[in-house]
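Engineer: Here it is, the structure, as structure tokens.
The values are calculated or read from the model by the stated rules, or taken from the named source; none is laboratory data. Remember, it's a predicted structure, so these values are computed and weren't measured experimentally. Note: ideal-geometry Cβ built from the backbone for every residue, glycine included; neighbour counts use all protein chains shown.
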Amino acid sequence: MIMKHTRLSTTLLAVALAAALVACGDKEGKKVATQVAAKVGSEEISVHQINQVLSRANTGGASPEALKAMSKEVLEKLIDQQLAVDQATENKLHRSPDVVAQIEAARRDILARAYIQQITASTAKPTAEETKKYFTEHPQLFSERRIFNVQEIVAPATPGVADQLKALVATGKSLEDIAAALKAKNIPFNGGSATRAAEQIPLEALPKIHALKDGQSTVIDNPQGNTVVRVVSSQQAPVAEAAALPRIEQFLINQRAGEAVAANIKQLRSTTKITYMGEFEGNAAAALTAPAPTPTPAEPTSAASEDKTKSVIEKGVSGLK
């Protein structure tokens with residue numbers, strides 16, 4: 001009986017130890033699964049949160065050592081953020097009407113961006129033939145790219161002003177003479193000078209400016225205003241095809257994505273009842289807004305500086321919920 005009792009006790013002890021080890025394994029497994037980087041009071045900060053912030057910082061070219069240092073920096077900022085969140089909650093600031101409104105605005109923005117990303121994710125990438133065709137059809141951006149030193153006079157889009165400016169330019173008037181003529185007729189205007197590469201000029205205006213020789217002028221007229229542009233000097237700065245093709249591909253992707261989003265929103269507007277009320281009742285005819293400027297494919301990119309990376313990290317942390 002004693003031996004049986006001893007065996008039973010040993011068996012029970014073994015079972016208990018096994019259960020304890022399984023429990024410890026579960027705890028360790030949960031720790032690995034959650035990947036907790038730190039605890040602030042009862043709140044956890046996960047490695048996923050750190051990676052989410054770093055994903056906004058364009059860390060593709062960073063070394064492992066730099067990434068590790070940035071991760072530590074992000075963690076400290078997340079800890080500071082959590083401390084502030086805890087105090088805000090304790091002081092019931094999350095119930096403040098202004099804070100509630102800001103939280104709701106952030107939620108709407110996140111959901112809208114998620115929907116737009118869903119649309120753009122399905123946009124077809126341009127083929128190699130399409131990118132090469134764009135390169136060939138836009139020599140002013142690539143093979144014949146120039147950097148322009150220009151002088152400008154900007155006048156309002158008042159009826160008749162564009163014709164007057166074109167007449168003055170056609171007779172070879174200098175910008176000083178054109179400015180004097182506008183002043184004599186009490187037509188308001190602004191003037192200035194700038195240095196612009198081809199990709200910094202609106203695509204619709206670039207062919208006219210590219211056609212100018214040094215010392216020549218033209219008039220760019222659009223609903224926003226009339227601009228007299230004089231090319232004081234210019235220099236050739238071509239972009240090789242190999243360097244241009246990746247930029248063209250990204251440009252075409254962005255362009256197609258923008259068109260897909262615009263078409264989708266237009267379709268939603270046409271099938272959804274939208275009622276303007278109060279002081280906005282007359283806004284139905286002017287509901288559509290102008291699209292945001294699209295970056296040109298030849299626009300150069302540069303590596304982010306340390307300060308810029310830090311500012312992106314700050315922005316990422318501040319936007320993390």
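Engineer: Could you pull out the residue among Glu314, Glu241 that is at pLDDT 90 or above, of a type outside the set (S, T, N, Q) and surrounded by 12 or more Cβ atoms within 10 Å (Cβ to Cβ)?
Structural biologist: When all the criteria are applied, what remains is Glu241.
Engineer: Further question on the same structure: What residue, of Arg269, Arg230, Arg247, is basic (Lys, Arg), at pLDDT 95 or above and not in a loop (DSSP other than H, G, I, E, B)?
Structural biologist: Arg230
Engineer: Is it true that some residue in region 174-194 is in contact (Cβ under 8 Å) with a residue 40 or more places away in the chain, under 30 Å from Ala242 (Cβ atoms) and of a type in the set (A, V, I, L, M)?
Structural biologist: Looking for residues that are in contact (Cβ under 8 Å) with a residue 40 or more places away in the chain, under 30 Å from Ala242 (Cβ atoms) and of a type in the set (A, V, I, L, M), one finds at least one in region 174-194, hence yes.
Engineer: So is Glu130 touching a residue at least 24 places away in the same chain (Cβ under 8 Å), among the acidic types (Asp, Glu) and closer than 25 Å to Val232 by Cβ or not?
Structural biologist: Numbers: touching a residue at least 24 places away in the same chain (Cβ under 8 Å): yes; among the acidic types (Asp, Glu): yes; closer than 25 Å to Val232 by Cβ: no.
It is false that Glu130 is touching a residue at least 24 places away in the same chain (Cβ under 8 Å), among the acidic types (Asp, Glu) and closer than 25 Å to Val232 by Cβ.
Engineer: For region 209-257, how many residues meet the condition of being hydroxyl-bearing (Ser, Thr, Tyr) and under 31 Å from the mean Cα position of the chain (by Cα)? Steps first, please.
Structural biologist: Kept after step one, since they are hydroxyl-bearing (Ser, Thr, Tyr), are these residues of region 209-257: 217-218, 227, 233-234.
Narrowing the set further to residues that are under 31 Å from the mean Cα position of the chain (by Cα) leaves 227, 234.
Within region 209-257, residues that are hydroxyl-bearing (Ser, Thr, Tyr) and under 31 Å from the mean Cα position of the chain (by Cα) number 2.
Engineer: Going by the conditions given, is Ala179 touching a Pro at 6+ places or on another chain (Cβ under 8 Å) and over 29 Å from Gln236 (Cβ atoms)? If you could, list the steps in order and put the result at the bottom.
Structural biologist: Numbers: touching a Pro at 6+ places or on another chain (Cβ under 8 Å): no; over 29 Å from Gln236 (Cβ atoms): yes.
Against the criterion (touching a Pro at 6+ places or on another chain (Cβ under 8 Å) and over 29 Å from Gln236 (Cβ atoms)), Ala179 does not qualify.
Engineer: Can you tell me how many residues within region 181-227 are exposed (fewer than 11 other Cβ atoms within 10 Å of the Cβ) and among the charged types (D, E, K, R)?
Structural biologist: Residues meeting the conditions: 3.
Engineer: List, please: which pairs have Cβ atoms under 6 Å, are six or more places apart or on different chains, and start with a residue in region 84-95 that is more than 16 Å from Ile45 (Cα to Cα) and end with one that is in a helix (DSSP H, G or I)?
Structural biologist: Within 6 Å, the pairs are Leu93/Val99.
Engineer: Could you say which residue among Asp86, Asp80, Asp109 is surrounded by 11 or more Cβ atoms within 10 Å (Cβ to Cβ), among the charged types (D, E, K, R) and in contact with a strand residue (DSSP E or B) (Cβ under 9 Å, 6 or more places away or on another chain)? Show your work before the answer.
Structural biologist: Values: Asp80 fails: in contact with a strand residue (DSSP E or B) (Cβ under 9 Å, 6 or more places away or on another chain); Asp109 fails: in contact with a strand residue (DSSP E or B) (Cβ under 9 Å, 6 or more places away or on another chain).
The unique qualifying residue is Asp86.
Engineer: Of these, Leu268, Leu252, which one is under 23 Å from Thr123 (Cβ atoms) and either in contact (Cβ under 8 Å) with a residue 40 or more places away in the chain or touching a Pro at 6+ places or on another chain (Cβ under 9 Å) (or both)? Steps first, answer last, please.
Structural biologist: Numbers: Leu268 fails: either in contact (Cβ under 8 Å) with a residue 40 or more places away in the chain or touching a Pro at 6+ places or on another chain (Cβ under 9 Å) (or both).
Selected residue: Leu252, the only one of Leu268, Leu252 that is under 23 Å from Thr123 (Cβ atoms) and either in contact (Cβ under 8 Å) with a residue 40 or more places away in the chain or touching a Pro at 6+ places or on another chain (Cβ under 9 Å) (or both).
Engineer: Mind checking which pairs have a first residue in region 139-161 that is within 25 Å of Glu241 (Cα to Cα) and a second that is of a type outside the set (S, T, N, Q) and in a loop (DSSP other than H, G, I, E, B), Cβ under 6 Å, 6 or more apart or different chains?
Structural biologist: Close Cβ pairs satisfying both conditions: Leu141/Ala298; Phe142/Val239; Ser143/Pro238; Arg145/Ala237; Arg145/Pro238; Arg145/Val239; Ile147/Ala237.
Engineer: Just wondering, is there one or more residues in region 150-158 that are among the polar types (S, T, N, Q) and in contact with a strand residue (DSSP E or B) (Cβ under 7 Å, 6 or more places away or on another chain)?
Structural biologist: yes
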